[in-house]
Amino acid sequence: MLPTAVVEILENKKKALNGSDLSGDRSMLVEPTKNMKKIIYALVLPLVVVSGLVLANREINNEASKKSTSKPLSVAEMKAGRKKWEATPDGIKYKKWEASPEGKKVYAGEAKIRKHISAFTNMEAVVTSLSLPPGSRLGFGVMVRINGDDYILSFGPEKSNEFQQLHSLNVNDKLSIRSHWVSHAPKYSYPIVSGDYVERDSKLIYKRPPRKGGC
């Protein structure tokens with residue numbers, strides 16, 4: 001089907017030809033036909049190109065949609081994936097660390113504060129060091145002691161003046177902290193606590209801003 005603009009041009013040309021006396025000279029039919037072909041070609045070509053781009057874009061979007069709507073891994077698939085990873089050199093090394101005294105100590109430290117993490121309730125902490133272990137790549141943070149165990153209190157990469165008040169911390173400062181997350185890694189001999197809320201002397205000195213799109 002021709003576009004509306006092309007149809008209108010053809011209709012106008014037809015009316016013009018019908019209203020003229022062409023019986024004496026057929027050459028008048030040749031030139032308009034050539035012009036009409038040029039006009040039609042000029043109008044149709046961009047539409048063909050645009051249609052091709054639209055179809056290509058639709059195909060890309062459909063492919064992306066299929067990927068985004070793919071089913072999440074089942075528990076069995078996740079277990080199988082973990083078992084496969086545990087057979088790799090990194091997995092074997094990690095399992096050895098878990099079974100080592102150091103790994104067991106880290107896990108025990110996590111277990112002690114798990115209830116506070118789950119409920120996002122206050123934990124009393126004392127600053128023991130203003131620097132993290134050598135080679136740390138956790139961003140800004142300090143070492144703290146909670147109920148007799150040492151932890152890394154990590155705040156992540158520093159942006160602008162987000163941690164300005166935290167830089168005023170001193171060793172032996174008593175803090176009240178809350179966290180949504182505790183983790184571990186064989187590289188570190190301490191559990192890693194995410195610093196999400198910190199008070200000193202009952203005054204708020206840090207609260208992690210909500211993520212974009214979050215509440």
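The values are calculated or read from the model by the stated rules, or taken from the named source; none is laboratory data. Predicted model, so just to flag it, every value in this text is computed and none were measured. Cβ placement follows ideal geometry from the backbone for every residue including glycine, while neighbour counts extend to all protein chains displayed. Calculation scope for accessible area: heavy atoms of the full protein, side chains included, ligands and nucleic acids excluded. Shrake-Rupley method; radii C 1.70, N 1.55, O 1.52, S 1.80 Å.
Quick notes
- Amide N of segment 136-164 lying under 20 Å from the label point, which is placed 7 angstrom from the Cα of D201 along Cα→Cβ: 163-164
- Counting only protein heavy atoms and using a 1.4 Å probe, the accessible area of V75 comes to about 90 Å².
- Averaged per residue, segment 100-215 has 60 square angstrom of accessible surface, using a 1.4 angstrom probe with ligands and nucleic acids left out.
- Carbon and sulfur %, accessible surface of segment 76-215 computed with the full protein complex present, 1.4 Å: 54
- Accessible-area order (highest first, 1.4 angstrom probe) of the listed residues F163, F120: F120, F163
- Rounded FRET efficiency, nearest 0.05, which uses the C-beta distance separating R82 from N172 and R0 of 35 Å: 0.25
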